Every structure is written in structure tokens, then in C-alpha cells.
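Inspection log for the structure reproduced underneath, given as C-alpha cells.
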Amino acid sequence: MTKNLAATNQVLLDSIRQLISSARSQVQRSVNSLMVQTYWKIGQLIVEEEQQGKERAVYGQQQLQQLAKQLTEEFGKGFDITNLRNMRRFYEAYPIRDALRLELGWTHYRILLRVENPQARNWYAEEAIAQNWSSRALERQISVLYYERLLSSKESASVRAEARDNTRVLADMPKNYLRDPYVLDFLNLQDGSYQEADLERGIIDNLQRFLLELGKGFAFVERQQRIRTEDQDFYIDLVFYNFKLKCFLLIDLKLGKLSHQDVGQMDTYIRIYDQHRKNNDDNPTIGLILCSQKREAIVKYSVLTDSEQLFAAKYMHYLPSVEELKKELERERPLVQQQMEETWHENEL
């Protein structure tokens with residue numbers, strides 16, 4: 001009985017795995033295909049309509065810059081002037097739409113555009129498809145002159161063996177597909193929620209460590225602590241208890257601009273905490289809102305109105321100053337982003 005159940009579960013598991021893998025592959029192929037066709041068509045429009053088929057229009061450069069500015073404002077940085085130039089080059093290198101190989105993604109084509117020799121470029125494209133090369137593997141083979149060495153070498157078997165080893169090491173991992181910066185740019189997801197979550201986690205990690213190392217009486221309580229009202233759940237990013245102040249400190253981190261809604265939400269957290277979490281001999285709860293923007297940080301302490309006098313008189317002796325917190329946030333964000341990029345590149349290797 002147990003063996004039959006285990007066998008049935010394995011069959012079910014294998015079927016679901018196959019279904020999920022197939023669906024993900026279809027999504028990847030669809031996005032690749034749509035990117036390539038869209039960028040080819042944009043290149044065609046730029047060459048044939050904006051520049052009226054001429055190699056260099058009198059006002060072409062100015063028009064392209066204005067076009068890039070408008071498209072970037074509306075659709076994100078995937079349509080900046082550098083990428084528009086690449087789309088134009090893409091169309092010029094592949095003027096026949098039916099000749100496009102949709103098995104290759106935009107990242108592959110950007111690399112292929114660097115190959116000046118059309119015969120070599122076409123050979124690399126065909127080989128990338130036949131051998132299922134990742135974009136990094138394609139870039140590697142071009143950089144070591146794989147095509148040229150095959151033509152000139154009398155020992156082509158050893159050259160091919162070296163190429164196989166290179167592509168095996170530089171194989172794409174499926175989980176990294178949607179981290180491709182060109183895919184993110186096309187979908188305007190460069191600041192997507194999953195990236196924000198990684199950035200938020202990294203900043204919170206550092207903030208937690210920073211507060212505990214201050215030596216001002218902070219004790220860690222919980223991360224992403226759930227608190228409830230009658231009809232809604234809330235999650236607080238960080239909760240500390242300060243045993244010198246005998247009160248809780250609630251921290252909410254925002255990636256972006258501070259809004260009135262954020263301030264009102266923190267007041268809600270404080271009220272819930274004061275009513276349901278703090279003991280009778282605890283002092284009123286403190287809220288701390290941290291906004292980490294790309295070029296600056298905003299820090300705001302929050303207490304309920306009837307606690308303002310206590311806060312000004314006593315609390316600030318044991319809390320980090322607004323200036324200290326701003327400096328820490330502005331230092332942390334680029335460090336965490338750099339760590340994320342390094343991790344992503346390590347996962348590619």
C-alpha cells in the first residue's frame with residue numbers, strides 16, 4: 001500500500017514538474033521572440049521612416065535623441081539612445097525579417113552585432129542555435145575567435161573540444177533568465193518587485209546589525225511581524241525592544257518616496273502596539289519610517305501626540321539621530337545593490 005502510494009505521488013510529481021518546465025520554457029521563448037521582432041521593427045522604422053532610408057539624415061541624431069527621451073519616459077530605460085542605435089544596427093545587419101532566427105534572444109543579437117564579418121556572424125548565430133549556447137557562451141566563443149581558429153587550425157577536434165568545455169561552464173541557469181538586464185529593460189521591470197524584495201532584505205539585514213551594534217540597549221524582537229486588526233493584517237519590517245527606554249521600536253522601510261499614507265500606516269502600527277502588545281510598565285511605542293531612494297534617504301521618527309513630550313525629553317538620548325540613520329541608509333543601498341549584482345554574476349558562472 002505504502003509503495004503504491006509513493007509510486008503514485010512520484011508520477012504526479014513528475015507530471016507537474018514537466019508541466020511547469022514546459023510552461024516556463026514557453027514563456028522564455030515568447031519573450032525572446034517578441035523582443036527580437038519588436039526591436040527589429042523599431043530599427044526598421046528608425047531607418048526607413050525617421051531617416052527616410054538615408055544612411056545619415058541631416059537631423060537624424062537630434063531626432064533619435066528626442067525619440068529616446070520620449071520613449072524612456074514612457075517605457076523605461078530599455079529604449080534609451082544606446083539601445084535605439086542598436087536596434088537600428090540590428091535592422092541594418094538583418095534587413096530581411098524572415099532571416100531572423102527567433103531561437104536567439106536580444107542579448108545574443110547584441111553580441112553578434114559586434115562581429116563585422118557577415119559570414120562569421122551568421123556562422124556564430126547558427127552554431128549558437130545548434131549548440132544551445134547561452135549569451136555568455138556566445139560572447140566567450142567570439143572573444144577567443146572560435147570561427148577563425150576552426151578555419152585556420154589543422155586540429156579542429158581540439159578546438160571544438162575546448163569550445164564544448166567553455167559552453168558547459170557558461171551554461172544558462174533557468175532561474176536567472178528573468179534577471180537578464182535586457183529582458184528586464186524590455187518589460188520595464190528593472191525595479192521589479194522581486195528585485196525590490198532582495199534590496200529591501202539586504203538593507204534590513206544591515207539595519208538590524210547597525211542598531212544592535214550601537215550599544216544603546218536595543219534587543220531584536222522580530223522581522224516581518226504580523227499584527228492584526230479586525231479586518232486586516234499588517235507586517236512590520238523590524239521590531240526592537242529597547243530595555244533602557246522600556247519601549248518597542250517599530251521600523252518600516254520604504255523604497256521610494258515618503259507619502260502621507262506611510263505616516264498614517266505607522267500611526268496605526270503604534271496604536272495597535274500600544275493597545276495590544278506593550279505591558280503596563282512599558283513606555284509608549286516609537287515608530288521609525290525609513291525611505292531609501294536612489295539618491296537620498298528620508299528618516300522620520302513617529303510617536304502619537306500624547307507621547308511627544310516624553311519622546312523629546314528622554315527617548316532621543318538612546319536613539320540614533322536622524323543624521324546617523326540617513327548616513328547609514330545612503331551608505332547601505334549602493335553596497336547592497338553591488339552585492340546583488342555580484343551574486344547574480346556568480347550564479348551565471
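The values are calculated or read from the model by the stated rules, or taken from the named source; none is laboratory data. Note that this is a predicted model, so its numbers are computed, not measured. Using ideal geometry, Cβ is built from the backbone for each residue, glycine included, and neighbour counts are taken over all protein chains shown.
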Practice task
List every residue pair whose Cβ atoms lie under 6 Å apart, where the two residues are 6 or more positions apart in sequence or sit on different chains, the first residue falls within segment 296-322 and is part of a loop (DSSP other than H, G, I, E, B), and the second residue, located anywhere, is of a type in the set (Lys, Arg) and surrounded by fewer than 18 Cβ atoms within 10 Å (Cβ to Cβ).
Solution key: TYR318/LYS216; TYR318/LYS244
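Conditions tested, residue by residue: (1) modelled with pLDDT under 85; (2) among the aromatic types (Phe, Trp, Tyr).
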{"site": "ASN86", "(1), (2)": "no, no"}
{"site": "ALA93", "(1), (2)": "no, no"}
{"site": "ARG97", "(1), (2)": "no, no"}
{"site": "ARG101", "(1), (2)": "no, no"}
{"site": "TRP106", "(1), (2)": "no, yes"}
{"site": "ALA128", "(1), (2)": "no, no"}
{"site": "SER134", "(1), (2)": "yes, no"}
Handout entry: ARG97 vs. criteria touching a helix residue (DSSP H, G or I) at 6+ places or on another chain (Cβ under 7 Å), in the same structural domain as LEU34 (by TED's automatic domain parsing), among the charged types (D, E, K, R) and crowded, with 16+ Cβ neighbours inside 10 Å
Key = no
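Run down TYR273, TYR318, TYR241 and say which single residue is touching a Lys or Arg at 6+ places or on another chain (Cβ under 9 Å) and either in the same structural domain as VAL336 (by TED's automatic domain parsing) or closer than 18 Å to LEU329 by Cα (or both). First the steps, then the outcome.
Details: TYR273 fails: touching a Lys or Arg at 6+ places or on another chain (Cβ under 9 Å); TYR241 fails: touching a Lys or Arg at 6+ places or on another chain (Cβ under 9 Å).
Unique residue meeting the criteria: TYR318.
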Completion exercise
A careful count of residues in segment 245-269 that are surrounded by fewer than 17 Cβ atoms within 10 Å (Cβ to Cβ), among the aliphatic types (A, V, I, L, M) and either outside the structural domain of TYR301 (by TED's automatic domain parsing) or not in a helix (DSSP H, G or I) (or both) gives 1
Practice task
Inspect segment 209-216 for any residue being part of a helix (DSSP H, G or I), of a type in the set (A, V, I, L, M) and within 19 Å of SER307 (Cβ to Cβ) and give the result as yes or no.
Solution key: no
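Somewhere in segment 41-63, is a residue within 30 Å of SER152 (Cα to Cα) and at pLDDT 90 or above?
To start, the set of residues in segment 41-63 that are within 30 Å of SER152 (Cα to Cα) comprises none.
The answer is no; no qualifying residue exists.
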Handout entry: Count of segment 100-126 residues which are more than 21 Å from MET35 (Cβ to Cβ) and surrounded by 14 or more Cβ atoms within 10 Å (Cβ to Cβ)
Key = 2
Problem - Selection from segment 61-70 of residues that are over 15 Å from ASN86 (Cα atoms) and either surrounded by 14 or more Cβ atoms within 10 Å (Cβ to Cβ) or more than 23 Å from the chain's Cα centre (by Cα) (or both) - result: GLN62, GLN63, GLN66, GLN70
